[in-house]
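Here's the structure, in structure tokens; my notes come after.
The values are calculated or read from the model by the stated rules, or taken from the named source; none is laboratory data. Source: prediction; values computed, not measured. Cβ: placed from backbone, ideal geometry, glycine included. Neighbour counts: every protein chain shown. Remember, those area values only see protein heavy atoms, side chains included, never the ligands or the DNA or RNA. Shrake-Rupley method; radii C 1.70, N 1.55, O 1.52, S 1.80 Å.
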Amino acid sequence: MTIATIGLFYGSSTCYTEIAAEKIQQIIGPDQVDLHNLADGGIAKIADYNYLILGIPTWDYGELQEDWEAEWEQLDILDFHGKKVALYGLGDQVGYPEWFQDALGYLWAKVTNLGATTVGYWPTEGYRYDQSKAVTDDGRLFVGLSLDEENQFELSEDRLEIWCRQVMAEFELDNRRP
């Protein structure tokens, strides 16, 4: 079995982050993206890829999802230098407006501090929240794709399509899609 160019690692308790991972794989191409559910195995396979997509939902009051939390300290032993990383997060901007996408921000800070080059930043326009740890200093961009399946489900398909094209261009990879 050959490994794909991109490793997509995600944690998902309610299946929405997993569904997004599957959609990303279909958009980019199953031959280019290997899916890795953190619940089925750790993060050690991150070392096998130079291109990564990491998916994380924010839980409750800005908390990490349990699969990511279980592996959080193990990330510190991985070498992210030379890796390009795109991130996506799921959150609820209405139910938790003060913590919207905080876990995405935590994960971005972690991999950036470990040497990763991050891509896939996403506009904050069109979202309504009070605060987020996943927003750039100027407030104009999230550090990755922001999905809200609770309040903006109808926008997710288009956001995923656009973001996947953006990420492939920023990865400088041929998308091979017709």
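Say we join alpha carbon atoms closer than 10 Å with springs in a Gaussian network model of the chain; which of GLN93, GLN101, GLN74 then has the biggest fluctuation?
GLN74
Give me the percent of the accessible area of the stretch 49-104 that comes from carbon and sulfur atoms, probe 1.4 Å, all protein chains in place.
45
Using a 1.4 angstrom probe with every protein chain in place, what is the largest-first accessible-area order of ASP148, ASP130?
Result, largest first: ASP130, ASP148.
Could you list the residues of the stretch 91-107 with an amide nitrogen less than 16 Å from a label point located 7 Å from the Cα of LEU141 in the Cα-to-C-beta direction?
Inside the label zone: 105.
Classify the stretch 1-66 from the C-alpha gyration tensor, please: rounded if a/c falls under 1.5, else prolate or oblate depending on whether a/b exceeds b/c.
Taking the square roots of the gyration eigenvalues as a ≥ b ≥ c, the stretch 1-66 is prolate.
Tell me the mean residue ellipticity at 222 nm calculated for the chain from its helices only (DSSP H runs of n ≥ 4, each -39500 (n - 2.57), averaged over every residue, nearest 500).
-9000 deg cm²/dmol
Helices from the chain with mean Kyte-Doolittle at least -1.0 and a Cα length along the axis of 24 Å or more, per DSSP H: which?
153-171
How far apart, in nanometres, would the label points at THR14 and GLU69 be if each is projected 7 angstrom from Cα along the Cα-to-Cβ direction?
Simple spin-label model gives 1.5 nm for this pair.
Calculate the tail of P(r) for the stretch 37-146: the fraction of all Cα-Cα distances greater than 19 Å, expressed in %.
Within the stretch 37-146, distances greater than 19 Å cover 41 percent of Cα pairs.
Could you pull out the trypsin sites (Lys or Arg not before Pro) across the stretch 79-178 that fall in loop regions by DSSP (anything but H, G, I, E, B) with no more than 12 other Cβ atoms inside 10 Å?
Loop-located and lightly packed - ARG128, ARG140, ARG176.
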